[in-house]
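> Input: one structure, supplied below.
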Amino acid sequence: MSNVLGKDALKMKRKILFGLTMSCTGLSYAGVEFNTPDMNFRISAVIDTGIASVTNVKEENKSKTEAVDSILGVSNIGFSGSYKLDDNYQAFFNLQSGFKPSTGEQNKEGELF
């Protein structure tokens, strides 16, 4: 009887540990801005990547460590700014494109902006 209780306790422990995850994240931001009296232009980028480690993978005593993307948000590059058309009108633009830092692929295939 005690042997059966021991196995049940071990299964419960594995289920609890299965959900535990450790991760190390890196979030980087960079931006460059150009200004003239008639135009403002900005290039910016966010890179979000990290390392995650999971223990007791598939209810076994194995751990799995791998690089993961977009832990805190979406990695992207953006172009934004404004252009003064005349004294009364101004044009604005904001283009953002997401990507996967580990492969360089776009988040949405075939869609740049």
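The values are calculated or read from the model by the stated rules, or taken from the named source; none is laboratory data. If you're wondering where the values come from, they're calculated on a predicted model, not measured in any experiment. With ideal geometry, Cβ positions are generated from the backbone for all residues, glycine too; neighbour counts draw on all protein chains shown.
> Going by what's in this entry, would LEU112 be described as assigned to a loop (DSSP other than H, G, I, E, B), among the aliphatic types (A, V, I, L, M) and loosely packed, with under 14 Cβ neighbours inside 10 Å?
Numbers: assigned to a loop (DSSP other than H, G, I, E, B): yes; among the aliphatic types (A, V, I, L, M): yes; loosely packed, with under 14 Cβ neighbours inside 10 Å: yes.
So LEU112 fits the description; yes.
> Just to verify a result, which residue in region 1-60, among those that are assigned to a helix (DSSP H, G or I) and surrounded by 13 or more Cβ atoms within 10 Å (Cβ to Cβ), is modelled with the highest pLDDT? Break it down into steps so the answer makes sense when it comes.
Going through region 1-60, the residues assigned to a helix (DSSP H, G or I) turn out to be 2-18, 57-59.
Subsequent filtering for residues that are surrounded by 13 or more Cβ atoms within 10 Å (Cβ to Cβ) retains 14, 17-18.
Working: ARG14: 44, LEU17: 38, PHE18: 38.
That would be ARG14.
> Which is surrounded by 13 or more Cβ atoms within 10 Å (Cβ to Cβ) and modelled with pLDDT of 90 or more, of LYS84, LYS100?
On the way: LYS100 fails: modelled with pLDDT of 90 or more.
Testing whether each residue is surrounded by 13 or more Cβ atoms within 10 Å (Cβ to Cβ) and modelled with pLDDT of 90 or more leaves just LYS84.
> Cβ contacts < 6 Å: first residue over 20 Å from ARG42 (Cβ atoms), restricted to region 85-110; second residue modelled with pLDDT under 95 and not small (Gly, Ala, Ser), any location; separation 6+ or different chain. Result?
LYS100/ASP69; PRO101/ILE47; PRO101/THR49; PRO101/ASP69; SER102/ASP69; GLN106/PHE99
> Taking the criterion of being over 21 Å from TYR29 (Cβ atoms), assigned to a strand (DSSP E or B) and either among the aliphatic types (A, V, I, L, M) or within 13 Å of the chain's Cα centre (by Cα) (or both), would at least one residue in region 70-85 satisfy it?
Scanning region 70-85, I find no residue that is over 21 Å from TYR29 (Cβ atoms), assigned to a strand (DSSP E or B) and either among the aliphatic types (A, V, I, L, M) or within 13 Å of the chain's Cα centre (by Cα) (or both), so the answer is no.
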